[in-house]
Amino acid sequence: MSTAHTKAAKRFLKDTEKARWQDNTLWGVRTKRDNMAKSLDEWETLRQKASEIKMHTLTHLDEYLERFEASATANGVKVHWAKDAEEFNAIVLDILRSHDVRKLVKSKSMLTEECEMNPYLEKNGIEVAETDLGERIIQLLDQKPSHIVMPAIHLTQEEVGELFEEKLGSEKGNSDPTYLTCCARESLRNEFLTADAGLTGANFGIAQTGEIVICTNEGNADMSTSVPKLHIAAMGIEKVIPDYDSLAVFHRLLARSATGQPSTTFTSHFRKPRPGGEMHIILVDNGRSRLLSQEEHWQTLKCIRCGACMNTCPVYRRSGGYSYTYFIPGPIGINLGMAKDAERFHDNASACSLCCSCDNVCPAKVNLSEQIYTWRQSLKDIGKASAVKEVMSGGMKFIFDRPGLYDAALKCSPLINAATGTAEFASVYLWGKGRNMPQFAKESFHSMWKNGKVKYDK
Ligand code: SF4
Ligand code: SF4
């Protein structure tokens, strides 16, 4: 049975060269992350600490958010609360309109993607210019990010070269990355200089001081906030952490996990408005409180959006970001999508082999595979379980419940070998595409055990 994910993955895999390139590129990032992790003896201690800080903060979220609001307000920042995407977009528009803003520059923020802010603002007459290079590229292409840290990872430099030729008037046939970066820089500089306001996300919000911390490699968050006098920051409520000591833990983990760098090139702290300017922070819930109340899924909120789970996931690497139906793909996206609307995004839950690699790389120790497994068990309740899997599971249960039948089936297994051979078994089940039919052993473990053929150390 085809799912939306398998159909999209099939389209992605048609371009074998590009599919292989993406797989290798992401594996390269995963390898860099591994090298960084190995270079720190305290790596596992840091992960454990990060998980504990998140658990502590999330279980005292009301206190930390109120402390954050009080500290930020004392710094002269205007703090707003948005219960959902609609409210968030309305608050942003209201602030922009009250300052007669026509053009907004923004640095990368997955929260604004989640709230579909750009189309909303554009519909209301505000021009929005993305300033992160990857985000700018996909904005010019009118696409969505295919990865949370490397949004344009699905594109080759030649494709970017062609895009810049058409949209920015760059030299024909020149796809040299340095040249293309210079072209983007030149075009963005003009956007920065002519913008009336800057909008950023927030990697962390520090309750103790009321400041937000933004990590970038391009310095575009600083540019977005140092030319225009109006700064709006969008922050999910789960981003609050207690203090600088906590920040030190996450700072050591984030870039190492994301891109295999010891630190992002820029780590910018924004605590108060610029002289003569205004700073607004919008704290957004949009389903996070509900998620926090779910015993089996609240850990998703520990995520610091490093993308490491995507880089390691064999399904993501080989099917591409656009094969998932939720706007965040990969292991964390499967879970966030299910938490958002399980009926709508249930399809993604099948995009997982339960290899657990995502759990092992996650710097905040989010139990991603365990949650996916739990979501799958809920599919029957919402009428979205695969009929083929239900029949197969029902058949296995029937056999396992009847030892006599089980023994007889084992004895017949050589006949199944003879009937199926080692052919690809995609006709039986889609996971079989590209895989050979596994063969039953000639003699069962039970029989070998009974006949003393199993050797073991006592
Ligand atoms: S457990 Fe699933 S989601 Fe996680 S890395 Fe493995 S295949 Fe991907
Ligand atoms: S779930 Fe973990 S590995 Fe995945 S993006 Fe979030 S913090 Fe990174």
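Worth a mention:
- Per residue accessible area in Å² of the chain, where ligands, DNA and RNA are left out and the probe is 1.4 Å: 49
- In degrees, nearest ten, helix 368-378 long axis to first principal axis of the chain (Cα): 70
- Disulfide-incompatible cysteines by the Cβ rule (no partner under 4.7 Å) in the chain: CYS115, CYS182, CYS183, CYS215, CYS303, CYS306, CYS313, CYS352, CYS355, CYS356, CYS362, CYS412
- Label-point separation, LYS453 to SER98 (7 Å along Cα→Cβ), nm: 8.0
- Between LYS18 and ALA342, the simple label model (points 7 Å from Cα in the Cβ direction) yields a spacing of 3.5 nm.
- Estimated FRET transfer efficiency (SER289, GLU159; beta-carbon r; R0 30 Å; 0.05): 0.15
- The length gained by stretching the chain between HIS446 and GLU390 to full extension, at 0.36 nm per residue less their Cα-Cα distance, is 17.4 nm.
- Of all lysines in the structure, the ones whose alpha carbon falls short of 25 Å from that of LYS78, not counting any fewer than 8 places away in one chain, are LYS103, LYS106, LYS108, LYS229, LYS239, LYS272.
- Stretchable slack from HIS56 to THR25, in nm (0.36 nm times residue separation minus alpha-carbon distance): 7.6 nm
- With every protein chain in place, the chain: carbon and sulfur % of accessible area (1.4 Å): 54
- Computed from the C-beta positions of PHE400 and TYR322 and an R0 of 30 Å, the FRET efficiency is 0.15 to the nearest 0.05.
- Between 0 and 90°, nearest 10: helix 177-194 axis offset from the chain longest Cα axis: 40
- A straight Cα-to-Cα reach below 16 Å connects LYS384 with the lysines LYS340, residues fewer than 8 places away in its own chain not being considered.
The values are calculated or read from the model by the stated rules, or taken from the named source; none is laboratory data. Computed from a predicted structure; not experimentally measured. So basically every Cβ, Gly included, is an ideal-geometry build from the backbone, and we count neighbours across all protein chains shown. Quick note on the areas: whole protein, heavy atoms, side chains included, nothing else; ligands and nucleic acids left out. Shrake-Rupley method; radii C 1.70, N 1.55, O 1.52, S 1.80 Å.
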